[in-house]
Amino acid sequence: MKVLLVCSIGGHLTQLHELQQRFIHPEEDEVVWVTHASPQSRSLLAGERVTWVPYIGERDVKGVLRTLPLARRTLRTEKPDLVVSTGSAIALSFLPLARVRGVKTTFIESAAMTHGHTRTARALQTVPGIKLYTQSPATADRRWELIGSVFDGFVAVERPPHEPRRLVVTVGTSQEFGFRSLLERVVAITPPHTEVLWQTGCTDVSGLDIDATPWLPAADLERAMAEADVVISHAGCGSALAALANGRRPILVPRRADEGEFRDDHQEEITVQLERRDLAQRAHLDTLAWSDIVEAARWSVDRDGHRNPLPLRG
């Protein structure tokens, strides 16, 4: 079977890369990825077949339309048996066209959406024949089938207390929203002897005495997370998942729409979801303290092996 995996970078890519292990059979399937080029995607998909698509921002209707000719060529050339996407806008260029061509087509809503659907999901549910899956019980209905969460299979493990010496601070891969307030808070509470990797995205870091790296290859960031005592992150689905996959129970600080840090407050939903699973430590900027970081160092994360196969092939 030839499978086309279509997604934007950031959390959409991290989720699909994790979920594909539950339905791809490496010995049987030919996989082609379709995504945007970035340090994250080039590193994460090294060795894979990839069709690179110019970046499409959220709510970028012109970008979706501009990508349609490339989507037509890709579908005509690759002739996939199955197209799977976790969003975002890139899915609108590929999935409806795939259905028109009679290709089995699947959309998996982000685990970040626990009480509603993304704009992409709402648009795709109007297209007949696209199979729709949700990772949240609250949004499962006759149209959206529940398949469990990308966060299934992780379990927190307590470690001996120790003083944190090495941190990773990450604000994700957004090219539109910075998160300077998180960086300022961590700078203010972190002892000078602490080693910190700062992944800062598009955040303005002028005046901050930090060694900032806007974007890191996925392999480098994951290695740093695995070696860190604590990961402090914006509450992005991809960043949280990367921390868990590399054995860290992150401190998550949600971005706030009223502060101009994001378009909505769905990061609060991610934080609540992972806190209930005991897979994250929730924090807010006005109360985050060094004692929270010491507490986070007492925990690691393992996989417990309970990850159900996804029924996408039938």
Hits in segment 100-120 (condition: in a loop (DSSP other than H, G, I, E, B), closer than 18 Å to Arg59 by Cα and in contact with a strand residue (DSSP E or B) (Cβ under 9 Å, 6 or more places away or on another chain)): Glu109, Ser110, Met113, His117, Thr118
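Quick grid of which residues meet (1) surrounded by 14 or more Cβ atoms within 10 Å (Cβ to Cβ); (2) modelled with pLDDT of 95 or more:
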residue	(1), (2)
Ile147	yes, no
Val157	no, yes
Pro161	no, no
Ser174	yes, no
Gly178	yes, no
Every residue from segment 180-200 that is surrounded by 15 or more Cβ atoms within 10 Å (Cβ to Cβ), out of contact with any Asp or Glu (no Cβ under 8 Å at 6 or more places or on another chain) and in contact (Cβ under 8 Å) with a residue 40 or more places away in the chain: Leu182, Arg185, Val186, Thr190
Condition broken by Pro26, with the remaining ones in (1) touching a residue at least 12 places away in the same chain (Cβ under 8 Å); (2) not in a helix (DSSP H, G or I) satisfied: (1)
Complete set of residues in segment 201-260 that are over 16 Å from Phe179 (Cβ atoms), basic (Lys, Arg) and in contact (Cβ under 8 Å) with a residue 24 or more places away in the chain: Arg248, Arg249
Residues satisfying the stated conditions in segment 105-136, i.e. in contact with a helix residue (DSSP H, G or I) (Cβ under 8 Å, 6 or more places away or on another chain) and modelled with pLDDT of 95 or more: Thr105, Phe107, Ile108, Glu109, Thr120, Ala123, Leu124, Val127, Pro128, Gly129, Ile130, Leu132
Odd one out for Glu275 among (1) touching a Leu at 6+ places or on another chain (Cβ under 9 Å); (2) of a type outside the set (Lys, Arg); (3) crowded, with 22+ Cβ neighbours inside 10 Å; (4) not in a loop (DSSP other than H, G, I, E, B): (3)
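Rundown of residues vs (1) closer than 22 Å to Ala297 by Cα; (2) assigned to a strand (DSSP E or B), yes/no style:
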{"residue": "Leu167", "(1), (2)": "yes, yes"}
{"residue": "Ser174", "(1), (2)": "no, no"}
{"residue": "Phe177", "(1), (2)": "no, no"}
{"residue": "Leu182", "(1), (2)": "yes, no"}
{"residue": "Val187", "(1), (2)": "yes, no"}
{"residue": "Pro191", "(1), (2)": "yes, no"}
{"residue": "Val196", "(1), (2)": "yes, yes"}
{"residue": "Gly201", "(1), (2)": "no, no"}
{"residue": "Ser206", "(1), (2)": "no, no"}
Some residue of segment 235-246 being more than 21 Å from Thr173 (Cα to Cα), at pLDDT below 95 and in a loop (DSSP other than H, G, I, E, B): no
Residues that are of a type in the set (A, V, I, L, M), buried (at least 22 other Cβ atoms within 10 Å of the Cβ) and more than 22 Å from Phe151 (Cα to Cα), drawn from segment 100-133: Leu124
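The values are calculated or read from the model by the stated rules, or taken from the named source; none is laboratory data. Fair warning: this is a prediction, and the values are worked out from it, not measured in the lab. Neighbour counts run over all protein chains shown; Cβ positions are idealised from the backbone, glycine included.
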